[in-house]
Amino acid sequence: MTDGRSRPVIAVVGPTGTGKSDLAVELALTLDGEVVNTDAMQFYRGMDIGTAKLSLDERKGVPHHLLDILDVREEASVSAFQAAARAAIEDIHSRGKHAILAGGSGLYVRAVLDVLEFPGTDPAVRARLESEAESDGVGALARRLAEWDPVSAERLKDARRIIRALEVYEVTGKPFSAYMPRREYVQPTVQIGLDMDRSALHGRLAARVHRMVDAGLLDEVARLEGRGLREGKTASRALGYAQFLRVLDGDAEVEQACEQTIVATRQFARRQVTWFKADPRVQWFDALAPNVTEAALDLLGRSVS
């Protein structure tokens, strides 16, 4: 494969539970690569069991970047991640190695791979808009957005995104829709997608949630609750963590939280499939095929020796 600046970024994408992390490690071992995490919930220190974060043994000595970089109180930022991930890729490539992205957080993946500009923020403007939403209702803000940026108004329905779109318009004078990403890579890239039969995936996801519970997910949530999990706008909404916080509150039994997590995880996987299938550049592979690693290496112009 080509060295230097033209060395392609490799991204392993697809729905949760398909083995992206494991494939990334195998590719890294064969290609002399390093992994860059693109699972937004694996940014958080201590969120290990519920995010299916690979253990040190499972990483097989492959360096992993952008794992455990945030406290559970901190809010994940796509723009900050974009800068950090691109810097990690540049560093990996500068050392003659392959950068292999692994994770299914679609917007974060696109922020790294594609031309995507993030408009600035203004805390004072945002605070005022949030105050207006509380006093006048989000409907009034939605009507204002429809006047200023009808494209975004059609797409955005929740209060947080409507406020952000209005903030961008006030700060930059340009509609939020003008900043929508284009399917244009910033550097050579190969996207490898993993998927499988729906019933098989559903079975795997259910089994994984049960393993998480058996491995101590509730205890992990309790420890993180003591470190401010509830205060984290991003971390507190993570699959499994939101459901098991209700167990700590006495509002659900473990069995209920387990089933709710399974349902929510299946719904999340469906959204991931929709997101990644919409990108015609992704090359798809059956995650259950016995030769999936070899097939991916063939795509990359390499073969297992």
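Derivation of every value follows stated rules applied to the coordinates shown; laboratory data play no part. Predicted model only: the values in this text are computed from it and were never measured. Reconstructed Cβ throughout: ideal geometry from the backbone, glycine too, with neighbour counts over all protein chains shown.
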_Give me the extension gain from A87 to S55: residue separation times 0.36 nm, minus the current Cα-Cα distance, reported in nm with one decimal._
9.1 nm
_For V9, distant residues with modelled amide H under 5 Å away_ = T189, V190
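Taking the Cβ of L101 as the centre, find all other residues whose Cβ is under 13 Å away and add up their charges (Lys, Arg: +1; Asp, Glu: -1). Intermediate results must be reported in sequence, preceding the final value.
Working: positive: K20, R86, R110; negative: E34, D39, D114.
Once all neighbours under 13 Å are counted, the net charge is 0.
Sort 105-111, 57-63 for me by packing, meaning the mean count of neighbouring Cβ atoms within 10 Å per residue, highest on top. Please list the in-between numbers first.
Details: 105-111: 20.4, 57-63: 12.4.
The densest-packed peptide leads the list: 105-111, 57-63.
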_Listed candidates (i) 115, 37, 33; (ii) 65, 48, 34; (iii) 70, 41, 38 - label of the one calculated as Cα extents along the principal axes in Å_ = (ii)
*So, in nm, how far is label F268 from label E117 when the simple model puts each one 7 Å beyond its Cα toward the Cβ?*
3.3
*Using a 10 angstrom cutoff on alpha carbons, build the Gaussian network for the chain and name the most mobile of D122, D68, D286.*
D122
*Fully extended contour minus Cα-Cα distance, from H210 to R45, at 0.36 nm per residue*: 57.2 nm
_If R₀ is 35 angstrom, what is the calculated FRET efficiency for the pair A127 and R183, using the beta carbon separation as r and rounding to 0.05?_
0.50
_Eligible lysines near K20 by straight Cα distance, threshold 23 Å, same-chain separation 8 or greater_ = K53, K60, K97, K277
_DSSP beta bridge pairing in the chain, given as percent antiparallel to the nearest 5_ = 5
*What's the local net charge at V209, with K and R +1, D and E -1, over the other residues with C-beta under 13 Å away?*
+1
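Divide by every residue of the chain the summed helix terms, -39500 (n - 2.57) for each DSSP H run of at least 4, and state the resulting mean residue ellipticity at 222 nm, rounded to the nearest 500 deg cm²/dmol.
Working: 12 runs with 148 residues, N = 305.
Roughly -15000 deg cm²/dmol at 222 nm, from the helical runs in the chain.
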*To the nearest 0.05, how large is the calculated FRET efficiency for A289 and D68 if R₀ is 35 Å and r is the Cβ-Cβ distance?*
0.65
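As an exercise, use a Förster radius of 30 Å and the Cβ-Cβ distance of V78 and R246 to find the FRET efficiency, rounded to the nearest 0.05. Don't jump to the answer; show the numbers that get you there.
Working: r = 28 Å, r/R0 = 0.93.
The pair V78/R246 has a calculated efficiency of 0.60.
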